[in-house]
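Enquirer: Have a look at this one before I ask anything.
Here, each number is a calculation from the coordinates, and none is a lab measurement. The model shown is predicted, which means the values in this text are computed figures rather than measured ones. When we count neighbours, we look across all protein chains shown, and the Cβ atoms used for this are built from the backbone with ideal geometry, even at glycine.
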Amino acid sequence: MSNELQKFSDPGLPEHIHRKADTDPAAAKKAERQVAILFALSAIGTIVLIGSYIFVKPNKFVFLPIMGDTNVQQALLGVGLAMSTFFIGMAAVHWGKTLMDDREVVAERHEFRSPESDRADFVATVKEQGAMAGLGRRTLIKRSMGVALGLVGLSPLVLLRDIGPLPKKQLETTSWKAGTRLVTDPGDRPIKPADLEVGAVAQVLPELIPGTERTLENVGKDAVLLIRLRPEDFNLNAERLSWTHDGIIAFSKICSHMGCAVALYEQQTKHLLCPCHQSTFDVTRAAKVIFGPAARPLPQLALTLDADGYLVAKQPFTEPVGPSFWERSS
Amino acid sequence: MSSSKERVAGNVAGYVDDRTGAAKWLKKNLTKVFPDHWSFMLGEIALYSFIILLLSGVFLTFWFVPSQQDVIYTGSYAPLSNVPMSAAYASTLHISFDIRGGLLMRQIHHWAALLFMAAIVVHLLRVFFTGAFRKPREFNWLIGVGLVTLGIVEGFLGYSLPDDLLSGTGIRIAEAILQAIPVVGSYLAFFAFGGAFPGHVFIPRIFMVHILLLPGIFLALITIHLMLVWYQKHTQYPGPGRTEKNVVGYPLMPVYMAKAGGFFFIVFGITAFLGAVASINPIWLYGPYTPGQISAGSQPDWYMGWLDGLVRMSPPIETHAFGHTISWNILIPGLILPGILFTGMALYPFIESWITGDKREHHLLDRPRNVPNRTALGVMSLTFIMISLINGGNDIIATHFHLTINDIMWFTRIGLFTLPPIAFVITKRICLSLQRADRDLVLHGKESGRLVMMANGEFVEIHEPISAEKAWTLTQHEQPEALALGTADSNGIPAAKGLKAKLRARMSQANAEQIQTPTETEAKELEGGHH
């Protein structure tokens, strides 16, 4: 039915309407002046830039509303650069819009598809030239070439082998051993239970073996949070309870989800929160995940006291710390 | 009057042409026609911010030290005096506090990067909603999808370079994603970081990728992207005198050059102004990176936010079996979902042409309302991304609007599945309503606002007919008809059967759900009937 209906027809390009500047020389002159003023503003901007580079002291700050403490030189350099570029642009656009010919022109499009004969010729040429190489006949060359090209693709993989060592057991181990003292971070002081008030939280690291240095790789696996609650606050099984000491409990600070530092401790609720993805762990229940995307509790570090009364690890972590990986067995 | 200036110009042109034969090509291309529309500037903004990124980035490389060597800071920023840190972080402080214009260039670079990604995304939306990706422009669509993907990576690497506490945390998360890949994850992570995280080689490595490898690929892809635009000629919006066979606009020289060239300077000026007055990424406040610390409210740049939001709302699922672990809570939001989204986006032009069976060239753009299903699909995808993005800022939203993180997470978890389909239905309805409004406008004219009291006391509003130009613009498009699938064709060849054919038939049918475009015949009949 719709075929019988007459569609609207294309009225063609509307008639061109002249701008004021096209017909009125005074308006054109005015537009020219406006363009010149815009270029002049750009020049002023460059002068501001050069002047502030030379004459403004680099360490001068002022307080500006909204922006806060602002370095005067950096701000003036920026404003100068902004003016010098912005007004060149405005001048060019204004020039283009007011004074350059604004009659739209029409250009024809051509279909991209080549004529049938060209396409056929192309296929024929490829076939013909290909036949010259004789690949179709010389299967020995074809096969050996395939092998050679395939093998050469392996060489970058081989050459890149040394970009890193194999993981071996590195993801599964930390510096904590049975008897390693807990030391403050920063400060590296050993800790006695009396140093921690109930409700206190401290970041600790394993004591350095003399002659070694602490690397960020160590910190990334060894960081531990020490938290002191009242012993009756715990809701732990007998084994985990035996890993605490007089209300003091220790967890890996490296999130079991994606490895961020689980740094936010909420004293009222006794929850640990990771600021990256808001995984929340209940300290009283062995860091059980109570919210967020983490799938496993934070590994707990078993604590005890050494002969001098300092807090030490009773044993290494019983599971890998940090995010999951394929070889992780639990 | 042939002035000496003209003679010099003629001589120079002659000299060049003698050696290149460029005169013919240049003559043709200097008068090349470019259609004018504000939405065609979006891609330009992306291009110009890329140039600004190259310029400001080169400036930064003169002082940036891409190294994780430990140094003790001795520069002029007093709060961090004598603090041990990486050379990368120290040199970023040096650029920010001891190089005149250094902080400005850092901020211009960062603002330009945000603008680059924003312009790419909005340009992509424009191309999607107007159907500019249709034949013959599928290659350019694919290049565009490649550019937006690489842009996300390039931006992430860029803000990771200063090695501050915030960006180091981002790298830690990237490492966890690598590590979560089944079978090879630990190996990939150890290879990328040259050993255990964080190591000492990652910053120098991503520096090379950030300033050489990816910009090189960008330059190549952008060049092909623009050459194709040039060669295929720009699309144009429908209107009087505009057809599939022509292109209507301004010649390259001088109008388009003045406008587009001027626009580069305008974009530069705005970016420089932002760099001057709007502080961004004040890394001196975060401190140097150490894996044992973190700052609250950790947020990635906006184009990463939706990925972070997906990760945040993911349920805590891991599989432990046969001595191995698979972290679905990382793999699904971090790799699988984005992979599906971007693959779907890349394939969309081919899927659409498969559904419509339309293999013709298209140079006239669609008005989004005239292609309701595509428009609705676009809004649906945007809704999905927006919900994810909201959850990416859940901590900030929670503190600013006094909401609980729990509520926001459940809203976004449920919303991620329910709101996109709702958005689809609503968008489709709006499109059809707009089609109906167009039809009314064409057939009954526009409301003049003049009320007339008839002799019988009835009030009527006078409608004025719209112009022939407007009527043409509103009615020039074709409406798809449902493909007759499922029946034998005229040669007696039975139609394809099976799920694929049924799916195609169903979608083709959905595409055909349109409000009938008004015709001149109808308009004339109504005119006759009315008066």
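Enquirer: With θ set to phi - 60°, apply the Karplus curve 6.51 cos²θ - 1.76 cosθ + 1.60 along region B:462-470 and write out the HN-Hα couplings as whole Hz, x wherever there is a Gly or Pro.
Expert: After applying 6.51 cos²θ - 1.76 cosθ + 1.60, I find 6, 9, 9, x, 7, 5, 4, 4, 5 Hz.
Enquirer: Helix B:102-129 versus the longest principal axis of chain B: what is the Cα-based angle in degrees, 0 to 90, to the nearest 10?
Expert: So the helix axis and the longest Cα principal axis differ by about 30 degrees.
Enquirer: Exposure proxy check: A:T173, B:T271 ranked by fewest other beta carbons within 10 Å?
Expert: Sorted ascending by nearby Cβ count, the order is A:T173, B:T271.
Enquirer: Compute the distance in nm between two label points, each set 7 Å from the Cα along the Cα-to-Cβ direction, one at A:T23 and one at B:A455.
Expert: 4.4
Enquirer: Place a point 7 Å from Cα of A:R189 in the direction of its Cβ. Which residues in region A:301-315 have their backbone N less than 15 Å from it?
Expert: Inside the label zone: A:310-311.
Enquirer: In degrees between 0 and 90, to the nearest 10, how far off the longest principal axis of chain B does helix B:337-356 point, with axes built from Cα atoms?
Expert: Once rounded, the angle reads 20 degrees.
Enquirer: Just for the Cα atoms in region A:20-98, what are the lengths along the principal axes, largest first, rounded to whole Å?
Expert: 55, 27, 16
Enquirer: Packing-wise, with mean Cβ within 10 Å as the measure, how do B:167-177, A:220-230 rank, highest first?
Expert: Averaged packing, sorted descending, gives the order B:167-177, A:220-230.
Enquirer: What is the mean number of Cβ atoms from other protein chains located within 10 Å of the Cβ atom of each residue in peptide A:171-182, rounded to a whole number? Mind dumping the intermediate values first?
Expert: Values: counts 7, 1, 0, 0, 0, 0, 0, 0, 0, 0, 0, 0.
Going residue by residue through A:171-182 and averaging, the value is 1.
Enquirer: Under 12 Å from the 7 Å Cα→Cβ point of A:D101, by amide nitrogen: which residues of region B:228-250?
Expert: Within reach of a label on A:D101: B:250.
Enquirer: Just checking the output field for B:235-244: average partner chain Cβ neighbours within 10 Å of each residue's Cβ?
Expert: Details: counts 0, 1, 0, 1, 4, 5, 7, 5, 4, 2.
Partner-chain Cβ atoms within 10 Å, mean over residues of B:235-244: 3.
Enquirer: For region B:262-318 and region A:242-301, what is the separation of their C-alpha centers, rounded to whole Å?
Expert: 26
Enquirer: Enumerate the residues in region B:400-434 having an amide nitrogen under 18 Å from the point lying 7 Å beyond the Cα of B:E447 toward its Cβ.
Expert: B:433-434, by backbone N distance to the label point.
Enquirer: Another question, then. With labels modelled as points extended 7 Å from the Cα through the Cβ direction, what inter-label distance (nm, one decimal) is found for B:I51 paired with A:R161?
Expert: 4.8
Enquirer: Note the full-extension length gain between A:D121 and A:Y53 as 0.36 nm times their separation in residues minus their Cα-Cα distance, in nm to one decimal.
Expert: This chain segment gains 18.0 nm when fully extended.
Enquirer: Quick one: order A:M132, B:M253, A:M258, B:M345 by neighbouring beta-carbon count within 10 Å, fewest to most.
Expert: The order, fewest Cβ neighbours first, is A:M132, B:M253, B:M345, A:M258.
Enquirer: Further question: So for the protein assembly as shown, considering every pair of alpha-carbon atoms, how many percent are separated by more than 35 Å?
Expert: Of the Cα pairs, 64 percent sit more than 35 Å apart.
Enquirer: What FRET efficiency would be calculated for the residue pair B:S433, B:E513, taking the C-beta separation as r and a Förster radius of 22 Å, to the nearest 0.05? The partial results should precede the final answer.
Expert: Values: r = 13 Å, r/R0 = 0.59.
Calculated transfer efficiency: 0.95.
Enquirer: Further question on the same structure: Would you mind checking which residues have amide H under 5 Å from A:V183's amide H? H placed 1.01 Å from N; only 5 or more apart, or other chain.
Expert: A:L205, A:E207
Enquirer: Each residue of region B:364-380 in order: what ³J(HN,Hα) in whole Hz does its phi give by Karplus 6.51 cos²θ - 1.76 cosθ + 1.60, θ = phi - 60°, with x for Gly and Pro?
Expert: Calculated HN-Hα couplings, in order: 8, 6, 8, 7, x, 5, 7, 10, x, 5, 5, 4, 5, 4, x, 5, 4 Hz.
Enquirer: Taking each residue in A:262-273, count the Cβ atoms of any other chain within 10 Å of its Cβ, then average. What number comes out?
Expert: Working: counts 1, 5, 2, 0, 0, 0, 0, 0, 0, 0, 0, 3.
Across A:262-273, the average partner-chain Cβ count within 10 Å equals 1.
Enquirer: Which ³J(HN,Hα) values, rounded to whole Hz and listed in residue order, are derived for region B:323-332 from phi using the Karplus coefficients 6.51, -1.76 and 1.60 in 6.51 cos²θ - 1.76 cosθ + 1.60 with θ = phi - 60°, glycine and proline given as x?
Expert: x, 10, 10, 10, 8, 5, 5, 9, 5, 5
Enquirer: Can you tell me which of B:90-97, A:122-129 comes out highest on packing, and rank the rest after it, using the mean Cβ neighbours within 10 Å?
Expert: B:90-97, A:122-129
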